[in-house]
Amino acid sequence: MSTSKPLKDFDTKYRPRENDWRLFLRLVPYARRTRRLLVLTLLLLVPIAVANAVQPLLIGQAISLIRKEPSTYEFLRTRPLLQGLNILEVLLLFTVTIQLTLSGVQGYLVQKVGQQITAEIRQDLFHHVTCLAVRFFDRTPVGKLITRLTSDVEVLGDVFSTGAIGIVSDLFSMLVIIGFMFSIQWELALLLLLMLFPVTGLIVYFQQQYRKGNYKAREELSVLNSQLQENIFGINVVQLFRREKFNAELFRATNKRYNKELNQTIFYDSAVSATLEWVALIAVAGVLWTGGFLLLKKQLTFGILSAFVLYAQRLFDPLRQFAEKFTTIQAGFTAIERVSDILDEPIEIRDRHKSDLGYIDEIAGVRGTDKQPNLPKSKMPNPSKLGEIRFEHVWFAYKDDDYVIKDLDFTIHPGEKVALVGPTGAGKSSIIRLLCRLYEPSKGRILVDGIDIRDLPQTELRRYMGVILQEGFLFAGDVKSNITLGDSYTFDEIQQAAQKTSIAQFIEQLPQGYDTQLRERGTNLSSGQKQLLAFARAAIRAPQILVLDEATASLDVGTEALIQEALNELLVGRTAIIIAHRLSTIRNVDRIFVLKQGELIEQGSHEELIQKEGLYASLHNLQMLGKT
């Protein structure tokens, strides 16, 4: 029985599963890959923060120097006024230049780090998604996956660049400013420091609310993208059945919910900014009131008071920026949660190990020669008897215990041609999916040439088998790449495969022949032409087992007759499993398996099954009646 974990429900309401620190730690491995840039970025924080904190002090010293106050530094008091002011101006200009220059360099490095992290997460996520079992895609809308692979991942880069590094920068800047303030006048410094505690608590509360609202908004955006994708792919049905108005109403309702959740995040984000503006004004007023009192008691000079007014403003500038970056981080944590839902999804179908069971490549290399594969004797099959398929008491259910395949136990001998027939829902396509290991059996096992397919590397298993589905899927690209699918075949091999399947003439009639560019899903070809390319894909790989799932259903009578001869040649010496609803096309197979509700109820040749007068005979008679 399969022990894989059930899929998570991506439509669940917001419920944080991990704290922010644990979520942040998920990004640390990616940050390690850019450690040099990160270290350099963090080192730049020191001169930037010091230069920023020194500027109010220099301005305060200029005022003290003009007023000849005792708080003026000794090296300035001993100099003429103009010379002292010139020194302070040069120092101020120097600090401003250092701050602006290094801030620009740091900003560039921060964005570079963020983009590198984003690219690596996107790459890992794409690889993980393409390795997930088909069961995952059966239950997950495409639009939601696209949202996670695009906009959610884009937000993740900001967690480190604009968010984490920015927050470290702001915190360090605040610490340096507080240090300078306490070194000048501890009473005013303590006043400003005490004001930070309540405002920090308020910001944290608003950010938590923002986080919840942002999660809900991202979920609604996923639904929105799913509806958009569904309507674009199904545009023919939408227009033929005049569903434009109905679907537009469904989209409007989802769009309204998304806008509502988005407005909530805007409210909390704005609340943070407004709160900080008020507190900053109160802080300046508090400094002026307390400073004025100390000034009257001659415990403070105008220069120091002026410096503290500037410090009050600069202390809340990083806090304001901190709040904005914290909002970015909260959005990033939401994205981490959503992306983690996929990254945590177990890869149900894995290669057990790389062992000496990978003999198919070697067999493929020596097929047709006298050379024997160099394998252990216990593992070496007889090259003259390749292609045996055996189902041993196989059970399978797409969900829970609702079995669509029930105790299938049969053997297909090497080179034998077997057809699978039965009413809709009998389990024919499920058998093919299990054989290709797109799904794992719930119970039992499937063997190819005496080897459990779970012990075979998936790449080798699927190279050993050629599958032609009812609808041929084409990728955007030229004709050649849609035949080779990334494998290294020569142009001569591509042409030979096209000639074997009688489609060379059709390809040569295209505008650029084999270099003709095909649009997404091959929309500039007919269904029949796309199917012919699928036959060429199988022919070039020379598989030992060939699976045809209604492979000629989309071909017209003339094209089907053209390819039937090539197909007969392709089937020579190969084991074949054929699914066909037109029973007239499978009369010449060696055996016919008749399925009903996942069970094998009849098997035999066409004549034997007709004589049994069972389900097959009934299906055959019905089709014959339909032709009269």
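The values are calculated or read from the model by the stated rules, or taken from the named source; none is laboratory data. Remember, it's a predicted structure, so these values are computed and weren't measured experimentally. Cβ placement follows ideal geometry from the backbone for every residue including glycine, while neighbour counts extend to all protein chains displayed. Only protein heavy atoms, including side chains, enter the accessible area calculation; ligands, DNA and RNA are left aside. Shrake-Rupley method; radii C 1.70, N 1.55, O 1.52, S 1.80 Å.
Things to note:
- Rolling a 1.4 Å probe across all protein chains gives ASP549 an accessible area of roughly 20 Å².
- In order along segment 262-274, phi translates into HN-Hα couplings of 5, 4, 5, 5, 5, 4, 5, 5, 5, 4, 5, 4, 5 Hz, rounded to whole numbers, per the Karplus curve 6.51 cos²θ - 1.76 cosθ + 1.60 with θ = phi - 60° and x for Gly and Pro.
- Accessible surface ranking for HIS127, HIS606, HIS581, 1.4 angstrom probe, highest first: HIS127, HIS581, HIS606.
- Translational diffusion coefficient (Stokes-Einstein; Kirkwood radius from C-alpha pairs) of segment 160-288 at 37 °C, 0.692 mPa s, in µm²/s: 176 µm²/s
- Extension gain, ALA285-GLU493: 0.36 nm per intervening residue step, less the Cα-Cα distance, totals 66.6 nm.
- Residues GLU89 and LEU37, FRET efficiency given R0 of 56 Å [Cβ-Cβ distance, rounded to 0.05]: 0.95
- Virtual spin-label span in nm between ILE146 and PHE293, 7 Å along Cα→Cβ: 6.3 nm
- To the nearest 10, the accessible area of THR78 is 100 Å² with a 1.4 Å probe.
- Accessible-area order (highest first, 1.4 angstrom probe) of the listed residues TRP278, TRP186: TRP278, TRP186
- Viscosity 0.890 mPa s, temperature 25 °C, Stokes-Einstein D of segment 112-208 from Kirkwood C-alpha radius, µm²/s: 143 µm²/s
- Dipole magnitude of the chain about its Cα centre (Cβ charges: Lys, Arg +1; Asp, Glu -1), debye to nearest 20: 1760 debye
- 3J(HN,Hα) from dihedral phi, segment 483-493, Karplus parametrisation 6.51/-1.76/1.60, rounded to Hz, x for glycine, proline: 8, 7, 6, x, 7, 8, 10, 6, 5, 4, 5
- Fraction in percent of alpha-carbon pairs per bin - 5 Å, segment 411-559: 2, 8, 17, 20, 19, 14, 10, 7, 2, 0, 0
- Taking label positions 7 Å along the Cα-Cβ direction at both ASP452 and LEU194, the computed distance is 7.3 nm, reported to one decimal.
- For P(r) over Cα pairs in 20 Å bins from 0, in percent, computed directly from the structure shown, the correct entry in [x] 19, 47, 28, 6, 1; [y] 17, 50, 29, 3, 0; [z] 15, 34, 25, 15, 9, 2, 0 is [z].
- Of all DSSP beta bridges in the chain, antiparallel share, percent nearest 5: 55 percent
- Charge dipole of segment 128-239 about the Cα centre (unit charges at C-beta), most positive-ward option of ASN236, TYR215, PHE197: ASN236
- Computing FRET efficiency as 1/(1 + (r/R0)^6) for SER340 and ILE98, where r is the C-beta to C-beta distance and R0 is 41 Å, gives about 0.50.
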